[in-house]
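The values are calculated or read from the model by the stated rules, or taken from the named source; none is laboratory data. Because the structure is a prediction, the values reported are computed rather than measured. We place every Cβ from the backbone using ideal geometry, glycine too, and count neighbours over all the protein chains shown. Accessible surface areas use protein heavy atoms only, side chains included; no ligands, DNA or RNA. Shrake-Rupley method; radii C 1.70, N 1.55, O 1.52, S 1.80 Å.
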Amino acid sequence: MKFSRRRLLAGFSSGLLASQLPALALAKSQDGFFDLIAAPSKQRLYLPDAPTSDLWTYNGTAPGPEIRVKKGERVQVRFTNKLEESTSVHWHGIRIDNAMDGVSGLTQEPVEPGGSFIYDFVAPDAGTFWYHAHNKSWNQVARGLYGPLIIDETEPSFERSNDITLVLDDWRLAGEGVLDVASLGSMMEWAHGGRLGNWLTVNGQSQPVSDLVRGETYRLRLINVANARIFEIDPNRFGATLLGFDGQSFTEPARLDYAPLMLGPAQRVDLMVMAESDFTIQEVSGDTPYPIAQFSISDAETTEAPRPAIKLQPNVLPAPDRAKARRIRLEMTGGAMGGHD
């Protein structure tokens, strides 16, 4: 099987790709810790008849398991490194002490192969966040070392079954549809638009299908974990409203008055949809929109009481002290294209 754009497009239109959105939740151990292990693993990224790819993952899957807590809850993660190189875990967007921030060489020493580290912090804000490797991120994140971190409101605005996490990634596949690791670290890519993939996944699968109940209201948490791709999505195509960006919610849902919505690497957006009819989230940057995730609507078997109106609970963030602001001079230099012609 030769990997080609024609086969890629055929895959998107093939029913063989459709699969139920996989669950992501990670349970605490008996002593109250979340156990997180970075290690090599194999995962099929392409079509059902394609070989598996050699990935680096947390707890054996990309994305890694969803860590979900409530605002104000203590988070204790027992991290173990079973890779052949050092690594660390960064908690993206969380306002925590530098010692727990997980940036190798800056806020902590990297965790060596066979080593472990305890991350211990209190989740200060409700919102959609994520965690990922922060040592040689261009390599380790591209191989699959990332996962969602969801911090619920003290009084959740949505039922748990109506709160869905969607982790968006693109992969550079080659040959028979396996991850292309040979091109990682390309200086040409660094000097241009970054590493772009040729295959899109949501929660590690291609074009997954999620079953929703007609008349119910849902929150969709979209997380862009791609190294360089900016996903272009139009929420108005499927009647969605915006609840917030990058871990911070609005005071009330808002309608997007432009299109498309640009979701850059590491960005998150929370959307609200009313399940009325089947719909698809599409990436619309190209001439032909790519389906990212499908949602199938069915009628409930039992009649439930009407759900209360959604009440958002924006975080109260400290105002910056402008009197203590510092002026810093920044100089950016370097040869064009990193020395490449």
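Of note:
- Among the residues of the stretch 219-240, some residue qualifies, meaning at least one is farther than 27 Å from residue 59 by Cα and without any contact (Cβ under 8 Å) to a residue 24 or more places away in the chain.
- Restricting the stretch 136-190 to residues that are aromatic (Phe, Trp, Tyr) and in contact with a strand residue (DSSP E or B) (Cβ under 9 Å, 6 or more places away or on another chain), the residue that is modelled with the lowest pLDDT: 158
- Of all residues in the stretch 88-121 being under 23 Å from residue 29 (Cα atoms) and of a type in the set (S, T, N, Q), the one that is most open to solvent (accessible area, probe 1.4 Å): 116
- Taking the numbered list (1) of a type in the set (Ser, Thr, Tyr); (2) open to solvent by 10 Å² or more (accessible area, probe 1.4 Å); (3) at pLDDT 95 or above in turn, residue 29 passes all entries but (3).
- Flag if residue 260 is within 17 Å of residue 235 (Cα to Cα) and modelled with pLDDT of 90 or more: yes
- The stretch 196-288 holds strands (runs of 3 or more DSSP E) entirely within its bounds, and those carrying 1 or more residues that are within 30 Å of residue 180 (Cα to Cα) map to 199-202, 208-213, 217-224, 231-233, 261-263, 268-274, 279-283.
- Residues in the stretch 260-304 that are surrounded by fewer than 18 Cβ atoms within 10 Å (Cβ to Cβ) and of a type in the set (Asp, Glu): 276, 278, 287, 299, 301, 304.
- Flag for residue 165 being in contact (Cβ under 8 Å) with a residue 24 or more places away in the chain, β-branched (Val, Ile, Thr) and crowded, with 23+ Cβ neighbours inside 10 Å: yes
- Within the stretch 136-155, being in contact (Cβ under 8 Å) with a residue 60 or more places away in the chain, open to solvent by 10 Å² or more (accessible area, probe 1.4 Å) and farther than 15 Å from residue 58 by Cβ holds for 138, 152, 153, 154, 155.
- Within the stretch 184-207, the set of residues being closer than 14 Å to residue 283 by Cβ and open to solvent by less than 50 Å² (accessible area, probe 1.4 Å) comprises 197, 199, 200, 201, 202, 206, 207.
- The stretch 170-179, residues that are free of Cβ contacts under 8 Å to residues at least 60 places away in the same chain and open to solvent by less than 30 Å² (accessible area, probe 1.4 Å): 170
- Tally of residues being over 20 Å from residue 199 (Cα atoms), in contact with a strand residue (DSSP E or B) (Cβ under 8 Å, 6 or more places away or on another chain), of a type outside the set (A, V, I, L, M) and open to solvent by 20 Å² or more (accessible area, probe 1.4 Å) across the stretch 213-237: 5
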